[in-house]
Amino acid sequence: MALISLFERPASAHEDEEGTVTISWAELLSGYHKCCCTLEHNLHHGDWVRQVTYDASLDAFISSTTSNTNTVVLAWREKSKKHLKLTSFNVAEGIHAFDYHSQLNLIATAGINKKVCLWNPYVVSKPVGILWGHSASVIAVQFFAARKQLFSFSKDKVLRLWDIQHQLSIQRIACSFPKSQDFRCLFHFDEAHGRLFISFNNQLALLAMKSEASTRVKSHKKAVTCVLYSSVLKQVISSDAGSTVSFWMIDTGQKIKQFTGCHGNAEISTMALDANETRLLTGSTDGTIKVWDFSGYCYHTLNVGREGAVDISQILVLKKTILVTGWERALTVFRLQNFNQFFIQPEKWKGGIQHRDDILCAAFLPPQTLVTGSYDGEIILWNNNTGNAHCVLHPDYQRLLESKPGTEPQKLFSAGRSRSTCPSTNQAALGAHSLETLAKGNNAVVGLCFLEARKTTAETGGANLVSCGGSGYVRFWDTFKKQLLAEFLAHGGVGSIIMSTDKSNQYLATGDLDGQLKIWDIEEYCLNSSKSKITQAPALIRSFRPHEDQISSLEMCKMGGHLLIISSSADGSICVTDVCGVPLWIFGQAKHGQIENCFSLPKRDTNLMKNEIQEESKREIPLLSKEESCLDLPEHSLLDKKNKDEAACNVRPSEATNSGIKYKERNIFMEKTCNLYNGKVMQKSSTSPKTCC
């Protein structure tokens, strides 16, 4: 045992001399230095070891590779033993990095498969928790030990902060790094000073923690994930990461009621209304969709994830079906004719799998056109009645599809791009790995919207579909001619964006990860077909920053003759403003007022934009919700045609289980080890939320 120094000083060194001692690895292996010895293991089988560290509390070395076998290895030496004791666990697709929290006794792994897994070092058969939310490979993780939180950083430069106990994402930050796909990242959190360092090749980013005290008004205690507008109730409906749903009066901003614990403690990721706006559908990270009335009664639970946690990004309610997207390459389908019991099981999409990456969004154009957008940038056109896929649209190429799913696709033609994101050699090789790697993230389609007000597009040409996402681009498509007509950079350097348009398709609102909101005039944009792609942006009416964090949802509606934009954010606020720039309010502020009082415009206004809004308000445009995808529904939705008394008798939930799923129980649930339909779980799953008025 070394008492003074680990290695002996050279014989030629003087006592008062601070000499540098060089020790070679060959000397260590040879046993020349009697004060130390070397031990090694080959459990990684020659795979590249990406990280190795020693933890004193475990008295073990932890190492990791990108292999899916023996991904993480723990090695320790027992007393008087000459060999290392080993244990390991496997992670699908391997990991980039890991971190260990001694107080929680957890190892966090940064998965190449986009997952952050939490492991007990003594239970290597499966993780004790999985953190879902990243859209790209996770390349770094580090615990915030004092708060029992975890940082994770992904390949698409998105930083997340997680609450370990509840396994929920409590903050999301998109870092504005250069748009390079190949980079080396180093990640370090200085907990003592509250500073996070992230290197990006030759650049270093510093993120400093702010004081938690804030005077900004918050609409929700947790990050707001979705907002809807009900034209029937004239109310805004919002959801948050804490599984709370709130109802607000649009004309005063006053909260009417609130449902808590809608999905236990799992985040509500998205919502939708049925065609008659009498039922609310909430989709959660627990893998379920619940169907509610506006009094807080749950009619149905849709088993989207088949007893597992999934990332639900959109719920699309059609005439006879409900389509769900977000976590796999195929659509998940629920047929309304089967809504005769509480638990509803999904069906397979009859069109099969045509996408090569996860479907993130969808849109419907009556009578039968369905489009779906995926993470790799592809948009597929379907016949919703037959399930046949016709064509794939992509910024770099278009290709035809055979009518039978699973057959080899045919190339249609290749469309050149103004940006050099993908090399031209890859445009001819549609299945090439390099093309898919470069396209992912940059071209990801997170929003689709049909311009239904453009009734004559089929005859006259022009754009009838808008897509957004990727690296801040908005694209206009002609689905009849299978052509990309225009693309422009709406938000630069901030990653993915979202959008919404008004019912007359005159304005387009876009929001980004920094809380920036932009309003564009698209009334005369791409009205005609063109041989060359348009890269000039439409007229920008307004650009401002109503939120301090990511804009999570956008809605546009008409109220009092004025076009309003409703935006929600991860900063917990819901903001309402108008196209011209009149500041209204943040829901939750103490003072309530009437919406008419916020518009003190004179009868004759010289401002051109305000005159345009007044002219638009005179047009008779029906107030339809964003989710009214089928315009020819009967007077009553199929979701209404259920016997409420019978449902109440069979599945009326108990009020005693509103506390949500505990930490360990949620881990078991996420690992698919419980049966959703046994008696105990059924009672827990069908619990009504707590209602606060």
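Structure data summary
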item: In order through the range 274-286: 3J(HN,Hα) via Karplus (6.51 cos²θ - 1.76 cosθ + 1.60), integer Hz, x for Gly, Pro; result: 6, 4, 8, 6, 10, 10, 10, 10, 10, x, 10, 5, 7
item: Residues Asp47 and Gln337, FRET efficiency given R0 of 45 Å [Cβ-Cβ distance, rounded to 0.05]; result: 0.30
item: In nm, spacing of pseudo-spin labels at Lys221 and Asp59 (7 Å Cα→C-beta vector); result: 4.3
item: In Hz, Karplus ³J(HN,Hα) per residue of the range 527-534 (6.51, -1.76, 1.60; θ = phi - 60°; x = Gly, Pro); result: 7, 10, 6, 8, 6, 9, 6, 7
item: Rounded to the nearest 10 Å², the accessible area of Glu40 at probe 1.4 Å; result: 140
item: Accessible area (Å², per residue) of the range 224-349, counting only protein heavy atoms and a probe of 1.4 Å; result: 25
item: Cα-Cα pairs of the range 39-208 separated by more than 21 Å (percent); result: 47
item: Long-range HN-HN contacts of Ser529 with modeled amide H, under 5 Å; result: Gly462
item: Linear extension gain, Asn68 paired with Ala146, 0.36 nm per residue minus alpha-carbon span; result: 24.9 nm
item: Whole-angstrom gap from the range 85-121 to the range 385-401, using each part's C-alpha centre; result: 39
item: Inter-site label distance for Asp293 and Val21 at 7 Å from Cα along Cβ, in nm; result: 8.1
item: Fully extended contour minus Cα-Cα distance, from Thr456 to Asn90, at 0.36 nm per residue; result: 126.1 nm
item: Principal axis box of the range 203-270, alpha-carbon based, largest edge first, Å; result: 52, 28, 24
item: Highest to lowest packing among 277-285, 497-505, 558-566, scored as the average C-beta count within 10 Å; result: 277-285, 497-505, 558-566
item: Placed amide H near Gln51: partners under 5 Å, 5+ positions off or other chain; result: Ser64
item: Lysine pairs in the range 39-208 with Cα atoms under 28 Å, if 8 or more residues apart or on separate chains; result: 17
item: Mean separation of Cα contacts under 8 Å (6+ apart) over length of the range 39-208, as relative contact order %; result: 11
item: Scattering profile of the range 283-384 at q = 0.14, 0.16, 0.17 Å⁻¹ [log10 I(q)/I(0), Debye over alpha-carbon scatterers]; result: -0.52, -0.68, -0.76
item: Equivalent ellipsoid semi-axes - Cα gyration tensor, the range 224-349, angstrom; result: 24, 16, 13
item: Sparse-neighbourhood loop sites, chymotrypsin sites (Phe, Trp or Tyr not before Pro) in the range 96-148 - DSSP loop, at most 10 other Cβ within 10 angstrom; result: Tyr122
item: Phi to ³J(HN,Hα) by Karplus 6.51 cos²θ - 1.76 cosθ + 1.60 over the range 501-517, Hz, x for Gly, Pro; result: 10, 7, 5, 8, 6, 8, 10, 10, 10, 10, x, 10, 6, 8, x, 7, 10
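The values are calculated or read from the model by the stated rules, or taken from the named source; none is laboratory data. Values in this document were obtained by computation on a predicted structure and should not be read as measured data. Heads up, the Cβs are rebuilt from the backbone with ideal geometry, glycines too, and the neighbour counts pull from every protein chain shown. With ligands, DNA and RNA removed, areas are computed over all heavy atoms of the protein, side chains included. Shrake-Rupley method; radii C 1.70, N 1.55, O 1.52, S 1.80 Å.
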